[in-house]
Amino acid sequence: MENSNKREFEVKPALCLDFDGTIRFSKSGPFINQLEDIVLFPEVESTLWDYRSRGYLIVGITNQAGVAYGYKSVERVLDEIDLTMLLFKRNPFHCVKYSLLSPEGSQEPFNRQTLLRKPLTGMLAACEAEMFAQGIIIDWAQSIFVGDRPEDEACANNAGIGFAWADDFFGRKSGSEGCTE
């Protein structure tokens, strides 16, 4: 007997993006020290909306170990993510996840191992669960991960997702302004 209340699901690829050095940078140096330092790379918004118009989910994942090292508070990281979203004319993201923990950090309780931190795939799994709850199944085989650091590439490889370096993906001159972490 067929269930007439069967839930319908859409299947969509995801464009997964690191934040620092990929979609945003600090105009005052390698790390974001002040909220007013946050700048989007110029080509990012139009590119993300192009992918979104082609049916991609736009997913952000960012390691934010500054909390584990005592450089930033949890609230500060959340403010930085909120401000980043406000820098877009229209927010293109379907889902954003962050990892505040790092076992190398010095600040309790954030100096712990976590499955969220890249190069592990926990943030991607969390995005998958959130999208599934909204009736969307992520087609990882057709997805792309864009980042600027080896742990971004390793995360993509660990998840079986195609990877592109940010400078190549966005057509930027290699070594353009950016920050790390």
Taking a 23 Å limit on the Cα-Cα distance, which of the listed pairs Lys97/Lys173; Lys27/Lys72; Lys118/Lys173; Lys6/Lys97 fall beyond it?
Lys97/Lys173; Lys118/Lys173; Lys6/Lys97
Counting only helical runs of four or more DSSP H residues, what would the 222 nm mean residue ellipticity of the chain come to if each run contributes -39,500 (n - 2.57) and the total is spread over all its residues?
-8500 deg cm²/dmol
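Please identify the helices of the chain, taking whole runs of DSSP H, that span at least 18 Å along their own axis as judged from the Cα atoms and have a mean Kyte-Doolittle score of -0.5 or higher.
Numbers: long enough: 74-87 (20 Å, 0.77).
TM-like helix candidates: 74-87.
Rank-order 68-81, 20-33 by packing density, defined as the average count of other C-beta atoms within 10 Å over each peptide's residues, highest first.
On the way: 68-81: 16.5, 20-33: 19.4.
Result, highest mean Cβ count within 10 Å first: 20-33, 68-81.
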How are the Cα pair distances of segment 35-171 distributed, in percent, across 5 Å bins from 0?
2, 9, 17, 21, 22, 17, 8, 2, 0
If you find the alpha carbon centre of segment 119-149 and of segment 42-62, how far apart are they in angstrom?
14 Å
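No lab work stands behind these numbers, since they all come straight from the coordinates. Source: prediction; values computed, not measured. Because the Cβ atoms are built from the backbone with ideal geometry, glycine has one as well, and the counts that use them run over all protein chains shown.
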